[in-house]
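Structure first, commentary second.
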Amino acid sequence: MYRAVGLISLVLFIAFAGISCVKKVEENTARIGNVIFIHPDGTGLSGWHTLRIWDKGPDGELNWDKLPNIGLYKSHTRNSLVTSSNAGATMHSYGKKVPYHSYGMNGTEELVALSGAKKSIMIEARDAGMAVGVINSGNIIEPGSGVFLASSTARSKSEEITRKIIESGAEVILSGGEEWMLPKGVEGRFGEGLRTDGINLIDYAKQNGYTVVYDKNELENAAPNANKLLGVFAGDNTFNSKSEEELRERGLDDFNAEAPSVAEMTDAAIQVLSKAGKQFFLVVEEEGTDNFGNANNARGFLKALKRADESIGVAQKYMKKNPNTLLVVASDSEAGGPELVSKPLDEIPEDVITPKRDENGAPLDGSEGTSSKPFYSAKDQFGQNLPFGIVWSTGGDTYGSVVARADGLNSGLIRGTIDNTDIYRVMYATLFGKILE
């Protein structure tokens, strides 16, 4: 009898130990697949709510709303509560807390990533044989995408950063910033270059197998056949991030008409990256959300955020046929601190003009800037278009209410309260199959 009890106990112990080991293995491993990280820079929860109301109506639904997994995002750096774009990008691409002025480094010192590699997650993915790409509606040096391929002791070192990005060999690089690709005295599609080292990086790219395109039509035509793609869509940014009033004075639109949107760039990038039939990693940044927010241009901010949401839709369409893909959407701070304000419809005269400031002195924007007609929502469930304005709390960045959302492979790792360094962990788990502590 005692032997039987002992045997049963031993079997139960072995079974329990086996279950524990399996659980431990499962907790530290993940399924491997593609990663698409979309970064609408400078965007918080208020921005997403306002976009929904403006574009889809209060009862409508954005592509962003369809992402099922949600994480409330902590955005501080090693030495500041509000992050810079370059520090935020460094924490996303290395998984380590860094000082405010870092650009792919620990301040000015070499940075070892959470994985133990002395390289960003994208460079590590490239070196493991994956196809990689970056997209930015802004200048190529913008850190939200740039830090994934380059590091520097200072964000201001534009020549060095641009050279490192193009020399990285990434299959897809789509952005503005022609000025940093060409030497002084060399005229490009959008103006004269600014480089002082004499290097023509566009010529370098062509010599190293890149198809170079300059507008949305060239991009669309090249994407199906290109193996490596460099998009150069502006001298600086593909948008004009000034206030509504200044743009009106200069006769400029919010976005350059010939440049592709981030959604169009995302579609082209996925075509190039997926054609080889191997695992890929794509980082997409809509920079206009941040720059228009900092300029307190509500109209431009909403247009930029709509473009970011459209890029989410492109990724979602791809994921329907390719479920072995993780989609993560996250900002790193909130630019300008925008908030929606409104009054009942029956209290708003048809010819109303929004005041320059709210009652507490905060700058207030209508649909065309200060002292203009209000924005109106898309129709709600009762068929009404409801008026609103946007007030601004600052011209800089705030800690804000940043929300990370995710869908697809391993997206359940985005949940509860997360740190900015956790974006790295989730992407690393999907690219390499290992959940880092």
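The values are calculated or read from the model by the stated rules, or taken from the named source; none is laboratory data. None of these values were measured; they are calculated from a predicted model. FYI the Cβ positions are ideal-geometry reconstructions off the backbone, even for glycines, and counts take in every protein chain you see. For accessibility, only protein heavy atoms count, side chains too; no ligands or nucleic acids. Shrake-Rupley method; radii C 1.70, N 1.55, O 1.52, S 1.80 Å.
Within the range 216-242, restricting attention to residues that are touching a Phe, Trp or Tyr at 6+ places or on another chain (Cβ under 7 Å) and part of a loop (DSSP other than H, G, I, E, B), the residue that is most open to solvent (accessible area, probe 1.4 Å) is 228. Scanning the range 337-361 for residues that are open to solvent by less than 90 Å² (accessible area, probe 1.4 Å) and more than 14 Å from residue 297 (Cα to Cα) yields 341, 342, 344, 345, 348, 349, 352, 353, 354, 355, 358, 361. Restricting the range 33-55 to residues that are under 18 Å from the mean Cα position of the chain (by Cα) and in a loop (DSSP other than H, G, I, E, B), which is nearest to residue 281 (Cα to Cα)? By that ranking, first place goes to 41. Please verify whether residue 199 is open to solvent by less than 40 Å² (accessible area, probe 1.4 Å) and closer than 30 Å to residue 87 by Cβ, treating the condition exactly as stated. So residue 199 does not fit the description; no.
Would you check which residues across the range 165-189 are closer than 29 Å to residue 101 by Cβ and either more than 24 Å from the chain's Cα centre (by Cα) or open to solvent by 60 Å² or more (accessible area, probe 1.4 Å) (or both) and list them?
167, 182, 183, 184
Residues of the range 266-299 that are among the aliphatic types (A, V, I, L, M) and within 17 Å of the chain's Cα centre (by Cα): 268, 269, 270, 282, 283, 284.
Among the residues of the range 386-397, just one is open to solvent by 30 Å² or more (accessible area, probe 1.4 Å) and either assigned to a strand (DSSP E or B) or more than 28 Å from residue 361 (Cβ to Cβ) (or both), namely 397. For the range 108-118, the count of residues that are open to solvent by 60 Å² or more (accessible area, probe 1.4 Å), within 20 Å of the chain's Cα centre (by Cα) and either within 18 Å of residue 425 (Cα to Cα) or among the polar types (S, T, N, Q) (or both) is zero.
Once the range 56-81 is narrowed to residues that are part of a loop (DSSP other than H, G, I, E, B), open to solvent by 60 Å² or more (accessible area, probe 1.4 Å) and in contact (Cβ under 8 Å) with a residue 12 or more places away in the chain, the residue that is nearest to residue 386 (Cα to Cα) is 59. Identify the residue in the range 138-157 that is open to solvent by 10 Å² or more (accessible area, probe 1.4 Å) and more than 16 Å from the chain's Cα centre (by Cα) and, among all such residues, is farthest from residue 285 (Cα to Cα). The qualifying residue farthest from residue 285 (Cα to Cα) is 153.
Annotation note: Cβ proximity below 6 Å between a residue of the range 309-325 that is without any contact (Cβ under 8 Å) to a residue 60 or more places away in the chain and a residue that is open to solvent by 50 Å² or more (accessible area, probe 1.4 Å) (sequence gap 6+ or interchain) occurs for 314/267. Among the residues of the range 371-385, those that are in a loop (DSSP other than H, G, I, E, B), open to solvent by 20 Å² or more (accessible area, probe 1.4 Å) and in contact with a strand residue (DSSP E or B) (Cβ under 7 Å, 6 or more places away or on another chain) comprise 373, 385.
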